[in-house]
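These notes are about the structure you will find just below.
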Amino acid sequence: MSARQAAVSAGIRRGAIEFRNSLKTPTDLGYYIVGNAIFVVVMVLNRGSMVDELGITSSRFIFPGVLAMILIFVATYGLATLVATEREDGTLLRCKSIPNGMTGYVSGQVTRTALEMAFSAGMLLIAASIIVPDLWANGALAILGVLGMLVFGLLATLPLGLAIGSFFKNPRSLGGWGFIVMGLLIVGSGLFAPLITMPEWVQVLAQLLPLYWLGLGMRSVLLPDAAVAIEIGESWRMLEMLGVLGVWAVVGLVLAPVLLRRMARRESGSAMEARRQTVLNRVA
Amino acid sequence: MTADSEGTPVIDVRGLSMAYGPKRVLTEIDFTLAKGEVLALLGPNGAGKTTTIEILEGFRAPSGGSVSVLGADPISVNEQWRGRIGVVLQSWRDHGRWRVRELLQQFGSYYAPFSDEHRPRPYPVDELLRMVGLTELASSKVMSLSGGQRRRLDVAIGIVGRPEILFLDEPTVGFDPVARREFHDLVHRLSDLEGTSILLTTHDLSEAEKLADRIIILNNGRIAANGSADQLSREVAGTTEVRWMIDGQRHVHATTDGTAFVRELLAQHPDIHDLEVRRATLEDTYLAMVASHQAEQATPVLEEEGAK
């Protein structure tokens with residue numbers, strides 16, 4: 001086994017341990033459960049109401065958007081915050097100090113994020129199968145379609161999360177604005193109300209960003225064909241969806257190594273110590 | 001032959017200089033580290049110790065001079081090189097949720113591809129735990145360890161790859177006396193049994209004297225002294241301070257030959273009183289150095305703040 005392969009498999013173990021540790025930590029577990037419970041409650045409340053133009057329940061219309069949203073929450077926002085946190089607390093520096101440690105760190109983060117995504121999506125899919133009427137009306141292929149979209153979605157969102165996380169010096173500079181940006185993105189990406197009902201500039205912006213296309217892709221898999229009526233151009237635009245998300249995947253895959261390397265290069269014991277002093281001073 | 005063959009130093013530093021903007025941190029540093037040698041960089045805070053060690057670890061590019069660690073320039077090294085050195089970092093709160101044994105296994109596995117018959121890598125985790133005295137805490141979470149226990153874990157992570165050179169930056173900060181003693185034993189064991197070359201920084205003279213084969217005193221980014229503790233006590237601390245009073249006035253004189261000076265003094269001025277003759281110890285010299293360094297530091301800091 002080459003040194004790099006050894007680091008990748010150590011990284012996979014690292015990711016698995018990190019995920020297991022977070023399942024054992026009450027605050028993290030609480031975060032997963034409460035976060036997913038909110039979606040479940042929303043779906044329960046919308047179980048009876050109908051989207052009149054489409055003849056389906058609101059909960060069935062919303063659910064693909066929920067999957068798109070947790071993708072971006074877990075693999076972009078959550079991952080970016082974690083990378084910035086681990087830069088500050090010295091995890092990264094420690095990985096940098098061992099041979100191929102950064103390779104291990106990245107493969108660990110990819111593993112952990114994929115596991116967290118599988119866990120969250122799994123919980124939601126099980127809950128939705130019970131709550132949402134006709135969720136699987138499109139047949140068994142829809143299950144494959146959802147899995148495919150989740151994997152493809154990870155490819156578009158996860159490298160982006162790594163890149164954004166390594167751009168920021170600490171989680172606080174990322175956290176506040178990041179949350180506002182996430183909120184705007186979710187409202188403006190047509191996940192819970194059709195994009196065609198929004199102002200034109202919002203439509204243009206949303207179509208440049210990945211979240212709208214993740215939602216569209218999920219809807220194309222889970223909604224009846226008739227639901228295409230409220231989409232732009234009355235089409236699922238499969239090629240465009242794959243194209244735009246593919247471009248974001250490439251952007252992330254190109255930027256992430258560059259930014260990760262830049263971040264790693266700047267890490268040193270004294271840089272760490274300086275940050276530690278800043279944090280301690282703020283606490284005091 | 002590789003750089004670690006007998007006789008060739010494992011670290012060779014020539015004319016090393018470092019400046020952050022206009023501020024000079026290191027000026028023309030020269031030193032070597034032989035295989036199996038323990039070298040302490042001693043100096044007050046801000047003397048340039050951490051900068052030096054970070055340059056040698058490959059974490060920082062120097063402004064001038066040449067640096068060779070295991071035959072390579074640390075700033076342009078590959079992962080193979082990194083597999084042969086060990087860095088003990090000051091931990092803070094990273095990996096808090098990991099269990100001690102898992103963490104050592106995790107980091108050890110990166111070194112396995114660099115194993116050879118002379119140095120089987122990584123260290124078996126149980127042996128490592130025993131060496132640093134953490135056997136009982138093997139399944140504890142890192143965040144539950146005390147400061148001294150965490151520091152020993154840092155050392156264990158630093159040596160898990162059975163390094164040929166080990167870098168330790170202020171290794172015993174926050175240790176109680178027992179932990180300090182155990183740590184000293186560990187350092188001796190590494191250098192004696194494993195032939196590990198060790199470079200450590202400290203601002204504590206007595207620690208440098210106990211641990212190191214050789215001490216380099218850094219002051220204001222320059223090497224003020226370089227030698228074994230014995231040599232330094234003779235060379236650096238070779239001066240004798242003579243104090244006396246005459247006509248109500250105090251006089252102080254530093255000389256290399258106290259006896260001769262006093263004989264002369266008494267012959268010329270029979271009416272002196274309050275005569276004190278004191279041989280300066282290495283500690284006196286070092287403390288004087290630290291005090292003058294601090295006095296110099298006090299003014300520039302104000303200027304810098306004014307300039308902002």
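Here are the numbers for this structure:
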read-out: Test: B:L39 is more than 14 Å from every other protein chain (Cβ to nearest Cβ), under 12 Å from the mean Cα position of the chain (by Cα), of a type outside the set (D, E, K, R) and in a strand (DSSP E or B); value: yes
read-out: Test result for B:V160, touching an Asp or Glu at 6+ places or on another chain (Cβ under 6 Å), on the phi < 0 side of the Ramachandran plot and of a type outside the set (G, A, S); value: no
read-out: Those residues of region A:88-120 which are in a loop (DSSP other than H, G, I, E, B) and in contact (Cβ under 8 Å) with a residue 24 or more places away in the chain, in sequence order; value: A:G90, A:P99, A:N100
read-out: A:R47 assigned to a loop (DSSP other than H, G, I, E, B), more than 14 Å from chain B (Cβ to nearest Cβ) and over 18 Å from the mean Cα position of the chain (by Cα); value: yes
read-out: Single residue of A:T103, A:T157 found to be under 24 Å from A:L260 (Cβ atoms), polar (S, T, N, Q) and within 14 Å of chain B (Cβ to nearest Cβ); value: A:T103
read-out: When residues of region A:1-35 are limited to those that are among the charged types (D, E, K, R) and surrounded by 19 or more Cβ atoms within 10 Å (Cβ to Cβ), the one farthest from A:A75 (Cα to Cα); value: A:R14
read-out: Odd one out for A:A7, checked against (1) closer than 29 Å to A:W248 by Cβ; (2) modelled with pLDDT under 95; value: (2)
read-out: Test for A:F39: is it within 15 Å of A:A128 (Cβ to Cβ) and either within 11 Å of another protein chain (Cβ to nearest Cβ) or at pLDDT 90 or above (or both); value: no
read-out: Matching residues in region B:84-106 - criterion: being polar (S, T, N, Q) and either at the interface with another protein chain (Cβ under 7 Å from one of its Cβ atoms) or surrounded by 19 or more Cβ atoms within 10 Å (Cβ to Cβ) (or both); value: B:Q90, B:S91, B:Q106
read-out: Filtered residue count, region B:107-116, keeping only those that are closer than 17 Å to B:V88 by Cβ and at the interface with chain A (Cβ under 7 Å from one of its Cβ atoms); value: 3
read-out: Qualifying residue in region B:73-80 (condition: of a type outside the set (V, I, T), in contact with a Lys or Arg (Cβ under 9 Å, 6 or more places away or on another chain), surrounded by fewer than 23 Cβ atoms within 10 Å (Cβ to Cβ) and within 17 Å of A:A6 (Cβ to Cβ)); value: yes
read-out: Residue within region A:17-31 that is away from chain B (no Cβ under 14 Å) and either out of contact with any Pro (no Cβ under 8 Å at 6 or more places or on another chain) or modelled with pLDDT under 90 (or both) present; value: yes
read-out: Residue in region B:236-254 that is buried (at least 18 other Cβ atoms within 10 Å of the Cβ), in the same structural domain as B:G36 (by TED's automatic domain parsing) and modelled with pLDDT of 85 or more present; value: no
read-out: Within region B:124-143, tally of residues that are over 28 Å from the mean Cα position of the chain (by Cα) and in a loop (DSSP other than H, G, I, E, B); value: 3
read-out: Where B:R162 falls short, out of the listed (1) in contact with a Leu (Cβ under 9 Å, 6 or more places away or on another chain); (2) at pLDDT 90 or above; value: (1)
read-out: Among (1) surrounded by fewer than 23 Cβ atoms within 10 Å (Cβ to Cβ); (2) modelled with pLDDT under 95, the one test that B:S139 misses; value: (2)
read-out: Residue match in region B:58-80 (condition: over 18 Å from the mean Cα position of the chain (by Cα), at pLDDT 95 or above, facing chain A (nearest Cβ under 8 Å) and in a helix (DSSP H, G or I)); value: no
read-out: A:A227, sole failed condition from (1) at pLDDT below 95; (2) of a type outside the set (D, E, K, R); (3) under 21 Å from the mean Cα position of the chain (by Cα); value: (3)
read-out: Failed criterion for A:M1 (all others in (1) free of Cβ contacts under 8 Å to residues at least 40 places away in the same chain; (2) under 22 Å from A:F119 (Cβ atoms); (3) within 14 Å of another protein chain (Cβ to nearest Cβ); (4) of a type in the set (A, V, I, L, M, F, W, C) hold); value: (2)
read-out: Filter pass, B:Q149 being at pLDDT below 95, in a helix (DSSP H, G or I) and surrounded by 16 or more Cβ atoms within 10 Å (Cβ to Cβ); value: yes
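The values are calculated or read from the model by the stated rules, or taken from the named source; none is laboratory data. Since the structure is predicted, the reported quantities are computational estimates derived from the model, not experimental observations. With ideal geometry, Cβ positions are generated from the backbone for all residues, glycine too; neighbour counts draw on all protein chains shown.
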